[in-house]
Amino acid sequence: MIFETVSIENPKILLLTLMVIPAFLFIFARYKKIKKNLTAASASKNDSSLFRPAKKSLLWRTIFRCFSWIFAVMAFAGISWGAKKVPVHKSGSNINFVFDISYSMLAEDGPQKKSRLDCVKIYVSSLLQELSSASFSAVLAKGDGFVAIPETEDAALMETMVENLSPTLMTSAGSSLGNGIEAALNAIPEHSSKSQYIWVFTDGDETDNLLEKALEKCAKNDVAVTLVGFGTERETEIITGDGKKRVRTALRSKEMEELAQSISKRNYRKSNSANESIITFIDSKSPGSAWKLLNQIKASGNGEESTLSYEMKQLNHHSLFILLSILCLIFSFIAGEFRKGNGRKFKNLIATTMIFSTIFLTSCSSEKKQVLDGVWAWYEGKFTSATAHFLNTAQKAPKDSLARSFATFDLSATYLSIGELDAAMERLSQLNLDDENLPPELRSAAFYNQGVILERQGDYSAAAECFKKAILANQKNLNAKINLELCKRELTEKQSKSAQAQMQGVNEEKAANSEMNNEIFNLIREQEGKKWRNMSDGGEKNNDVLDY
C-alpha cells in the first residue's frame with residue numbers, strides 16, 4: 001500500500017490547512033451580502049437569472065482557491081512517498097564490530113579447547129592487521145547493546161578493546177544480538193559518505209529473539225551485515241552468569257544462515273552489484289572466511305579510492321504540490337470569469353494560462369534544476385541528497401558546460417562540509433581552473449576551497465599559494481585575504497619554534513596511549529561493577545532471563 005510508505009517531514013505545518021475554515025466563513029458572509037444585493041437587482045428588473053451565474057462563479061472560485069492553499073501547505077510540509085535509486089559517492093569504509101560477550105561465548109569448543117571468545121580475539125586481531133585504511137567502531141552485545149568505541153582510525157585502541165573482551169564488561173543479563181546490531185546502526189553518522197559495514201562475531205545463541213528485527217532494519221537502511229559464527233554445532237555445557245545454573249549451547253549456524261538468506265531475498269542489495277546479498281553468514285571455521293570479509297572492503301575501494309553506489313531515497317513531491325497549487329489558483333481566476341458576456345475575456349485568460357504553463361514547465365533545463373535542487377538540499381543540511389543531485393548533473397551534463405563545472409564545484413563543497421577532504425580535493429582537481437572562460441567567482445571559490453583543504457591538512461605553504469590564486473581570480477574575496485594572512489602567521493610561528501620542543505619520544509607516546517587505554521577499560525569495569533553491586537544490595541533482579 002502506498003500509504004504505508006508516506007512520511008511527512010514537518011507535520012505541524014499541516015495545521016495551516018485549518019485556515020480554510022475562517023476563509024469559508026468570510027466568503028459565506030460575503031456571499032450573503034452579494035445574494036442580498038443581486039436579489040434586489042433581480043426584483044427591480046424582473047430577471048431571476050442574474051444571481052444564478054454569480055453563485056456558481058463564486059462557488060467554484062472558492063473551491064479552487066481552498067485547494068490551492070491546501071496544496072501549498074502540503075508542499076511545504078514535505079510529504080514523501082515511494083522510493084528511487086539515487087547515486088551516492090562513497091569514499092572509504094567504516095567497519096562496525098559487534099562483539100557478542102554473553103556467557104555462551106565462554107564455551108570451550110574451539111581449537112585446542114579455546115573458548116569462543118578467545119577465538120574471536122585471535123580472529124579479529126588478524127583482521128585488524130589487514131585493515132590499515134579503514135575506520136572502526138566497537139559495540140558490546142550482551143543483554144543490551146553498548147557503543148564502547150565510536151568511529152576511530154586508531155587500530156591500537158581497537159586491539160586493546162579486543163584483548164579485554166569479557167562477559168564481566170556488562171551486567172545486563174541474557175544475550176541480545178538485536179540490541180547490539182541496532183546500537184551499531186544508530187552509531188552510524190547520518191550524513192556519512194563512507195561505506196558502512198556491520199560485522200557481528202557471535203555463536204547465534206540469543207535469549208530475546210530480536211535478531212531478525214534488527215537485521216531487517218539494517219537491510220532497509222542499506223547497511224550490509226555479516227554474521228560471523230564461532231563454536232561448533234555440537235552442544236556444550238556452560239555455567240550461566242549466576243554461577244549455579246548449567247545450560248547447553250551450540251553454534252546456531254543453520255538458523256543464522258536461513259535468516260540471512262530470507263532477509264536478503266526480501267531486501268535486495270541497493271549498491272553496485274545487484275547480486276550481492278545485504279545480509280550474509282560466514283562460519284569462521286570455513287576456509288577463506290577472513291578473506292570473504294576483507295573482500296567486502298576491497299570491493300568498495302578499501303578507503304583508497306572513491307566509488308559510486310546507489311541508495312534508495314524516498315521521493316519528495318514538493319514540486320508536484322507546488323504545481324497543483326499554482327494550477328488551482330489559475331483555475332480560480334478562470335472560474336471567476338466564466339459567465340455569459342465574458343466570452344472574449346475568458347478566451348484571453350485561457351490563452352494567458354497556456355503561455356504561462358508552457359514557460360513554467362519548460363523554462364529551466366534539467367541540469368540547472370538538478371543543481372538548484374542540490375543547493376537547496378545543501379542549505380537544509382541534507383548532504384546525501386545534495387551529493388546525489390550534484391553527482392547526477394556532473395555525470396550527465398556536457399563535458400565543457402557551465403552546469404557541469406558548477407555541479408563539480410558544489411559536489412566538492414559538499415564533501416568539504418562533511419569532512420571528506422580527499423574526495424573534495426579530487427573533485428576540485430577535475431575543474432580546469434586555468435580556463436579564463438570560467439566565471440571569476442567560481443575560479444576564486446575553487447582556489448579558496450583548495451586552500452582550506454590544504455590548511456586543514458597542515459600544508460600551510462601550499463594553502464597560502466591557493467589563497468593567493470583565489471585573490472588574483474577575484475580581488476573581492478575577503479575570506480581568501482584573511483586566510484592568507486593566517487597561513488603566513490602560522491608559517492612564521494612554526495619557523496620560530498625549535499624542533500626539540502615539538503618532538504616526542506616514540507616509547508613515551510606508546511606508554512601514554514597504553515595508560516589511556518587502561519584507564520578507559522578500568523573506568524568501564526568500575527562503572528559496571530557499581531551497577532552490579534547496586535543490584536546485589538537491594539535492586540530487583542530479573543530471574544526470568546538466564547545470563548548466558
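The values are calculated or read from the model by the stated rules, or taken from the named source; none is laboratory data. All values reported here derive from a predicted model rather than from experimental measurement. All Cβ positions, glycine included, derive from the backbone under ideal geometry; neighbour counts span all protein chains shown. Heads up: the accessible areas ignore ligands, DNA and RNA and are worked out on the full protein's heavy atoms, side chains in. Shrake-Rupley method; radii C 1.70, N 1.55, O 1.52, S 1.80 Å.
The table below gives the values:
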quantity	calculated
Within region 264-304, considering residues that are assigned to a loop (DSSP other than H, G, I, E, B), of a type in the set (Lys, Arg) and under 24 Å from the mean Cα position of the chain (by Cα), the one modelled with the lowest pLDDT	Lys270
Matching residues, region 127-153, being open to solvent by 10 Å² or more (accessible area, probe 1.4 Å), among the hydroxyl-bearing types (Ser, Thr, Tyr) and under 24 Å from the mean Cα position of the chain (by Cα)	Ser133, Thr152
Filter result (among the hydroxyl-bearing types (Ser, Thr, Tyr) and either crowded, with 20+ Cβ neighbours inside 10 Å or under 15 Å from Leu106 (Cα atoms) (or both)) within region 154-185	Ser166, Thr168, Thr171, Ser172, Ser175, Ser176
Helices (runs of 4 or more DSSP H) wholly inside region 389-498 that include at least 1 residues being open to solvent by less than 20 Å² (accessible area, probe 1.4 Å) and over 30 Å from Ser93 (Cα atoms)	440-456, 460-473, 478-496
Some residue of region 156-179 being under 30 Å from Ala388 (Cα atoms) and touching a helix residue (DSSP H, G or I) at 6+ places or on another chain (Cβ under 6 Å)	no
Pair list, Cβ < 6 Å and 6+ apart or interchain, from region 124-146 residues that are within 16 Å of Met161 (Cα to Cα) to residues that are among the polar types (S, T, N, Q) and open to solvent by 20 Å² or more (accessible area, probe 1.4 Å)	Lys142/Ser172; Gly145/Asn179
Test result for Ile122, assigned to a strand (DSSP E or B) and of a type in the set (A, V, I, L, M, F, W, C)	no
Search result, residues across region 100-117 that are of a type in the set (Gly, Ala, Ser) and over 13 Å from Ala141 (Cβ atoms)	Ala107, Gly110, Ser115
Filtered residues of region 147-184 (kept if touching a residue at least 60 places away in the same chain (Cβ under 8 Å) and among the polar types (S, T, N, Q))	Thr160, Asn164, Ser166, Thr168, Thr171, Ser175
Single residue of Ser405, Ser444, Ser417, Ser412 found to be under 23 Å from Cys487 (Cβ atoms), more than 22 Å from the chain's Cα centre (by Cα) and among the hydroxyl-bearing types (Ser, Thr, Tyr)	Ser444
Criterion violated by Ile334 - all others in (1) open to solvent by less than 50 Å² (accessible area, probe 1.4 Å); (2) modelled with pLDDT of 80 or more satisfied	(2)
Condition broken by Glu153, with the remaining ones in (1) closer than 30 Å to Glu426 by Cα; (2) touching a helix residue (DSSP H, G or I) at 6+ places or on another chain (Cβ under 7 Å) satisfied	(2)
Any chance Thr226 is over 21 Å from Ala290 (Cα atoms) and among the polar types (S, T, N, Q)	no
From Ile63, Ile95, Ile13, residue being among the aliphatic types (A, V, I, L, M), open to solvent by less than 40 Å² (accessible area, probe 1.4 Å) and either modelled with pLDDT of 80 or more or under 30 Å from Leu177 (Cβ atoms) (or both)	Ile95
All positions within region 108-124 that are at pLDDT 90 or above and touching a helix residue (DSSP H, G or I) at 6+ places or on another chain (Cβ under 6 Å)	Ser115, Arg116, Leu117, Lys121, Val124
Scope region 66-92; condition among the hydrophobic types (A, V, I, L, M, F, W, C) and modelled with pLDDT under 65; matching residues	Ala83, Val86, Val88
